Every structure is written in structure tokens, then in C-alpha cells.
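Note sheet for the following structure.
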Amino acid sequence: MSKVPYAAYLRVYEPLGAFPEPERAHWARYAERGDIPGPQEELRRSIRELIAVPGRVVPPKESADAFVAVVDGVVCVCPWRTRLRSWEALGEVGHWLMPQSVLDAALPPQARERAVEEYGRWRERNPDARPWIRSALWHVPVRWFALFADEEREFTAAEPAGEGLGEGRPAALRYRTPMVRARQRVARGLRTVRDAARQAAAEAPSEVGAREEKEEELGAPPGQGLGDGPLAAALTDVGRWLEEFHPRSLVELDYGGLVYTITEEQLAADRSAAEVAAGLSALAEGDLERAGRLYEELTERWMTVRERQFAN
């Protein structure tokens, strides 16, 4: 049970001062507890909801738990908001790479419809609600790496099973950065992509064909332009999400359950954030060929990981 789901997480930890009362007091008391649950406990609770009879597509009430971090002496919390995240995940069902029969067996259509209707009523009462956690199954979205620098990478080697460790601990990989830096990097990345689009638009007609090929490599439909394509849209989306939080927050990218499908050697060698930074740097210098090559290598490597969900 502890080895699923194979998901990565992007989390925001906000300082206590960012929360209104009485929620601030709740989190202050919560952070002083000696038994704060970790990611595996959140996972276990979610799975219990799914395997209940009858199964619950969405928890009946919102979680009162959170992840806690101390940043420069300041207590910061990342509320789970499991119910809200479950509702939002239902909106992405069409993008899940699984047979419809399997999906319907795990999450019956009528239950999904009821949950969607319930979410609509809840959203009318809570129009400004947003999750502190984003997740991605079987991969890390390339845009997430744009928030971090290679020197913020934290790799922890696995610990074998032994006395007091039970099954031992798997390898772990995460990045952490202050909110201010994450926002700056997203803004620079978006500016770079849009500048490249404007530069490409000014090229001579004879060069349009070559430009379109590079646009496609970088994630934009040929002829649409990098500045208007999915790469820019993805950076804009994550940038707007970050703007919702306190400027003294902490941003974390956690490989989570992906460590069970990527070998420890591969994790130790993974430098995806550095590759994204190199690709954006090449794009800023006008070297579309190198930028496209770096992007292609990175996306192909993560696609290989993503395709493992179909393995027997």
C-alpha cells in the first residue's frame, strides 16, 4: 500500500500569518503536535475512502491535516485539502491513461456525476478556494522544474531494512525554494518563451518552415508560436497559481511515489531542473536547435517513465 500512487507533488507551505483566524490558531496548535502525519498517512486515508463499501469518490468532509515545515524559524503549513483536490481530480478524468472499463469499476459514473454536482454547489459558496498541493501521476510536468535551480535539489539515498526501520526507507528526491525565487524563475521563463516567439515571427518567410519544426519540438503546435502555445500556457498557469500564496511561502517539488518506479541510480543522476534551465537559456540565446534537443531528451525520458503504468 505504501508504494502507490506513483505520483509527484508540487506543494506550497505558507507561514501561519497568511491564514485568517480561527484557522491560524488551529494550524499553530497542529504544528506543535508530536505526531504530525506524513505523506504515507495521507495516502492510506485516501485509499481507505476508495475501498470503502460503498466506495467514496470524494471524502465526506475536508481534511484538518497539513504538512509542516520550518523556514528560517518560521512555521509554515501546507494544508492537505484532500476533499478539494479529489473534486478537482475528477475534472481531469478524461486525461487519465486507463481503459474506460477500469475507470468505471474504480469510480462508478453515477458516483462521479454526484460528486461533480456537489462540487459545483460547494464552489458557488467558496469561489476563491484553491489547493496548496498539485499532483501528477507517473511523471513530473516539465513546467514544474522551471521553478527550481539545480543547487536546490535534495537527494537522499535509500536505507535498507534493519532493526527499527521495518521495510527500510526508499530513496527520495525533492527541490525546495522560496516563493520569491519560484515566481522570478517562472516570470523569466515565460518572458524567454514569448521573446523567442516574437523573434521567430520576425524571421524571413524562407525560414518559417524551420521555425515551425522547432516550435513543435518545444511543445507548441507548428505555426501557432511559442508565445501562444502550450509551453507558455503551462508556465502562465503555474505562475498564476503561485501568485495566490504569501510571498514568504516555501515551494516544494517532491518526487513522491515515483521513487518506486525509478531506480535509485536514475534518481541520483536526475538533473531535470538543470536541463530545463539550460533549455530556457539556449532559447534566450536564440539557439532553437539546442533548446529543442534538450527539451526532446527530457520529455522522452519522462515519457518512458509514464509508459510504465501499462507494464504488467
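The values are calculated or read from the model by the stated rules, or taken from the named source; none is laboratory data. These figures come from a predicted structure and were not determined experimentally. Here the Cβ is made from the backbone with ideal geometry for all residues, glycine too, and neighbour counts use every protein chain on show. For accessibility, only protein heavy atoms count, side chains too; no ligands or nucleic acids. Shrake-Rupley method; radii C 1.70, N 1.55, O 1.52, S 1.80 Å.
Just to confirm, what accessible area per residue do you get for segment 222-301 at 1.4 Å probe, in whole Å²?
For segment 222-301, the solvent-accessible area averages 45 Å² per residue.
Backbone geometry of segment 21-29 corresponds, through the Karplus equation with coefficients 6.51, -1.76 and 1.60 at θ = phi - 60°, to 3J(HN,Hα) couplings of 6, x, 5, 4, 5, 4, 5, 5, 5 Hz, x marking Gly and Pro. Applying the Karplus relation 6.51 cos²θ - 1.76 cosθ + 1.60 with θ = phi - 60° to segment 184-195 yields 3J(HN,Hα) values of 4, 5, 5, 4, 5, x, 5, 5, 4, 5, 6, 5 Hz, where x marks Gly and Pro. Using θ = phi - 60° in the Karplus curve 6.51 cos²θ - 1.76 cosθ + 1.60, the 3J(HN,Hα) couplings for segment 78-87 round to 10, x, 5, 6, 4, 5, 4, 5, 5, 4 Hz; x is entered for Gly and Pro.
Label separation (A28 vs R48): 3.0 nm, computed from points 7 Å beyond Cα along the C-beta direction. Would you mind classifying segment 247-308 by shape? Square roots of the alpha carbon gyration tensor eigenvalues, ordered a ≥ b ≥ c; an a/c under 1.5 is rounded, otherwise it is prolate if a/b is larger than b/c and oblate if not. Verdict is oblate for segment 247-308.
Going by the alpha-carbon gyration tensor, a ≥ b ≥ c the square roots of its eigenvalues, is segment 68-161 rounded (a/c under 1.5) or, if a/c is not under 1.5, prolate (a/b greater than b/c) versus oblate? It comes out oblate by the Cα gyration axes.
The share of accessible area on segment 246-289 that comes from carbon and sulfur is 49 percent, using a 1.4 angstrom probe.
Cα centroids of segment 248-289 and segment 293-311: 13 Å apart.
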